[in-house]
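Every number in this text was worked out from the coordinates using simple rules, so none of it is lab data. All values derive from a computational prediction rather than experimental measurement. Cβ coordinates were reconstructed from backbone atoms using ideal geometry, including for glycine residues, and neighbour counts include every protein chain displayed.
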Amino acid sequence: MRRLPLLLTGLVLAAALPALAQSPAAKAPAKPAPAAAKPGASAATVTTISAPSGAVLLSVKDVMRHIVNPAAEAYWARSGEIDDASGAHDRTPTAADEANWKVSLDSAAQLVEAGNLLRMDGRARDPNGPWNKYAVALTNAGLSAMTAVNSKDVTKTFDAGSAMYDACFNCHGKYIQRPKDSLYKHNIDKDFEAAGKPSH
Ligand code: HEC
């Protein structure tokens, strides 16, 4: 059975349509060189930068919202099975459906580098904790996905999507605080304890 957990399927379903409607951004005309961004300026105040700059410009939240999540949704919408009134349907593109395989490949590639973005100085939340391990897991899932998609391997395309999901799930379980009575079952307190940090 190639199905992701229910929670995810719901998420994918809710998000599949806007993701499908996305089109590649139009090429912007070259802009005149702006003044350099002040060090430590928040993303909200930085409108442009002058090259070269290794500065982190977007928050983790914005990287999630605008890079990681749309890429993952686009990928998941094209893998695994989904049930409806008429039965189970495989969402993986057919062998001849080059356009959708291309979307899967683009999305997988975006996640490969997104893992690196999460590890950048100034963005990595917990350089000595498992943060980097989860970011690397995202990159590796993206690399597996690219391999699977390049060979149009249906099972491996799904498996890479599951690995992606695990990376999201594990990192969120540790780094996004939830109320004690949350239905989300991961034992966050145990993770904090193992990392020698006070529980919340
Ligand atoms: C290395 C850690 C890490 C990984 C891997 C990760 N996330 Fe996140 N994600 C976070 C953190 C931390 C936040 C909370 C950011 C905040 O609110 O400041 C977050 C927040 C989010 C949000 C909420 C953004 C908002 O608008 O508040 C979404 C959606 C999300 N992640 C999707 C994903 C998906 C999908 C994946 C996997 C494909 C993923 N994330 C992988 C750390 C991670």
Just report the Cα centroid separation between segment 154-171 and segment 66-134, whole Å. 8 Å
Per residue, what volume in Å³ does the convex hull of the Cα atoms of segment 58-194 enclose? 125 Å³
Aspartates and glutamates with Cα under 13 Å of Lys133, excluding same-chain neighbours fewer than 8 positions away: Asp166
How big is the charge dipole of segment 58-194 about its Cα centre, in debye rounded to the nearest 20, if each Lys and Arg gets +1 on its Cβ and each Asp and Glu gets -1 on its Cβ? 440 debye
